[in-house]
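In what follows, a structure is listed as structure tokens, so that the remarks can point back to it.
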Amino acid sequence: MAQTIAEPGGMLMLPQEEGSTREQLLQLLKTRGNSSIGELSKELAITEMAVRRHVQTLERDGLVRSALVRQAMGRPSYWYSLTERADDLFPKNYPQLALDLLEELEEQHGGAQVIDRLFEGRREKLASRYRERLAHASLEDRVAELTAIQHAGGYMSDWERETDDSFLLHEYNCPIAQVAGRYRQACHCEQRLFEELLDAKVERTECIADGGQRCTYAIRRAERSANGATEQGKS
């Protein structure tokens, strides 16, 4: 079972102290569903006090929730279950599903063109979503804001200034690396998205999908033609 859960801007680690017991506790709640402290204590062969301490920590981290359940006889008791946030701790295979669906579509008549339109549609949707956040700002501020957007999306991004008119944006993780390795439209659309949002010339100088350690984009202020149009880099 994985030991991290994605958070915007970083990763939240499970508590390290006695982590294996907490992993077993999460596994039990995943397989059994709602459980009481007593039931969990018997399954784990540890005291109820120890279980309660682990559960309280997991509740604090937003991974476990409690509900007061009234019974036909006896006092009400608390039952515990996993939150939606905890679901991200368990293995997922979304990249393979995406690849399978894209490959199935590619085999259909005209499928390659449809895939191109899918990636282009995603680019347009992202541009529409973030355009206002980057509007009416300096190029440096736009680079900083775009980096924050990408970091929140799991790209582990940062940026640096080279000169007053040029910057570097680095992405140390690619959440869609498996898809991008097979369908390079993902990389091309990201570059075009950055050009549009930044209103700048953007060149990709390193790419994870090509075996690089990171994706790096060189950004510099776009030159203006005689008629005022922006001359951006090719994607």
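The values are calculated or read from the model by the stated rules, or taken from the named source; none is laboratory data. Bear in mind the structure is a predicted one, so any value in this text is a computation, not a measurement. Methodologically, a virtual Cβ is constructed for each residue, glycine included, from the backbone with ideal geometry; neighbour enumeration extends over all protein chains shown. Side chains are part of the model used for accessible areas, which takes the heavy atoms of the whole protein and leaves out ligands, DNA and RNA. Shrake-Rupley method; radii C 1.70, N 1.55, O 1.52, S 1.80 Å.
A simple packing score, the average count of other Cβ atoms within 10 Å per residue, orders the peptides 154-161, 41-48 as 154-161, 41-48, with the highest score first.
Spatially close Lys pairs in the chain, defined by Cα atoms under 30 Å apart and a spacing of eight or more places or different chains, total 7. Each Lys and Arg contributes +1 and each Asp and Glu -1, all at the Cβ; summed about the Cα centre of the range 93-204, the dipole is approximately 260 debye.
Along its first, second and third principal axes, ordered by size, the chain spans 84, 48, 33 Å in Cα coordinates. Estimated from helical segments only, the mean residue ellipticity of the chain at 222 nm is -14000 deg cm²/dmol, where each DSSP H run of four or more residues counts as -39500 (n - 2.57).
Quick check: net charge around Ala127, other residues with Cβ under 12 Å of its Cβ, Lys/Arg +1 and Asp/Glu -1? In short, 0.
For the range 63-153, with only Lys/Arg (+1) and Asp/Glu (-1) charged at the beta-carbon, what is the dipole magnitude about the Cα centre, in debye rounded to 20?
Taking the Cα centre of the range 63-153 as origin, the dipole is about 800 debye.
For the chain, the fraction of 1.4 Å probe accessible surface lying on carbon and sulfur atoms is 49 percent. What do you get for the angle between helix 94-106 and the principal long axis of the chain? Use alpha-carbon atoms, 0 to 90 degrees, nearest ten. That works out to roughly 50 degrees. Diffusion coefficient of the range 84-203 by Stokes-Einstein, Kirkwood radius over Cα pairs, 20 °C, 1.002 mPa s: 134 µm²/s. Highest mean packing first, where packing is the average number of other Cβ atoms within 10 Å per residue, the peptides 52-59, 141-148 line up as 141-148, 52-59.
Among the chymotrypsin sites (Phe, Trp or Tyr not before Pro) in the range 18-87, none is located in a DSSP loop while being surrounded by at most 15 other Cβ atoms within 10 Å of its own Cβ.
Helix 139-150 and the longest principal axis of the Cα set of the chain meet at an angle near 40°. Between the helical axis of 19-32 and the longest alpha-carbon principal axis of the chain there is an angle of about 80 degrees.
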